[in-house]
Amino acid sequence: MRAADAARPARTSISQRRPRNAGASKQALLNAAQRLFGQDGFERTTVRDIGELAGVDHALIARYFGSKADLYIAAVVAEAVGDQPRPYGGLEDMAGALVVRMDEHGLGPVMQALIRSDTSDQIREAAQAHIARRMVDPMVSDMTRRGVDGAQLRSEIVVSALLGILIGRALGWLDELKGVPRERLVALVTELLLQE
């Protein structure tokens, strides 16, 4: 037995698997993924390993998360900030929440996956899909409901600009941007980016 194998958590046998419960199965997969990705990294962790540790069929990863990379993003996001998405309350609400999160926690795992050069294509694509689901899609729905023309493109531009502003602030690229109080930054962002 290799030393790395000895350190791995014990797997659950087929006979010990959980009874069917979608919510419990999804959470078990997420918990197992957090543990294994944290221990072995993305490349060395297999979907079979995750399913075994969770005590459920590894094929459920595709049903609940889409892919191994999507599960990775879900796992690191849930671990870092909690997995409950905020309901869309407009750009000001979104910008305010993101500024607070960046100021208090720095660049999170999704942002790092987007900007780091060593991120695998799978993880980068999953991070992009996460941003689209959590930020762009709710904005598109809101703009479409209000009859705004070009809702998809407008939303993508607004989210891209907002992320650029947040990255610039987090990395301290510009002195005034770095030092502006949160409330003033959110007000300016909202005023500049949401002109319909």
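Just a few scattered comments:
- Just one of the listed residues (GLU176, GLU191, GLU196) is at pLDDT below 95, in a helix (DSSP H, G or I), surrounded by fewer than 12 Cβ atoms within 10 Å (Cβ to Cβ) and of a type outside the set (Gly, Ala, Ser), namely GLU191.
- Residues of the stretch 134-156 that are within 20 Å of the chain's Cα centre (by Cα) and either in contact (Cβ under 8 Å) with a residue 24 or more places away in the chain or loosely packed, with under 12 Cβ neighbours inside 10 Å (or both): ARG134, MET135, PRO138, MET139, SER141.
- Flag for VAL186 being in contact with an Asp or Glu (Cβ under 8 Å, 6 or more places away or on another chain), without any contact (Cβ under 8 Å) to a residue 40 or more places away in the chain, surrounded by 14 or more Cβ atoms within 10 Å (Cβ to Cβ) and in a helix (DSSP H, G or I): no
- Those helices (runs of 4 or more DSSP H) lying entirely in the stretch 56-114 with at least 1 residues modelled with pLDDT of 90 or more and of a type in the set (Asp, Glu): 91-105
- Residue within the stretch 119-128 that is farther than 25 Å from LEU29 by Cβ, part of a helix (DSSP H, G or I) and at pLDDT below 90 present: no
- Among residues of the stretch 125-137, those that are touching a helix residue (DSSP H, G or I) at 6+ places or on another chain (Cβ under 6 Å) and over 15 Å from LEU98 (Cα atoms), counted: 2
The values are calculated or read from the model by the stated rules, or taken from the named source; none is laboratory data. Note that the structure is predicted; figures quoted are calculated from it, not measured. Note that each Cβ is placed from the backbone with ideal geometry, even for glycine, and that neighbours are counted across all protein chains shown.
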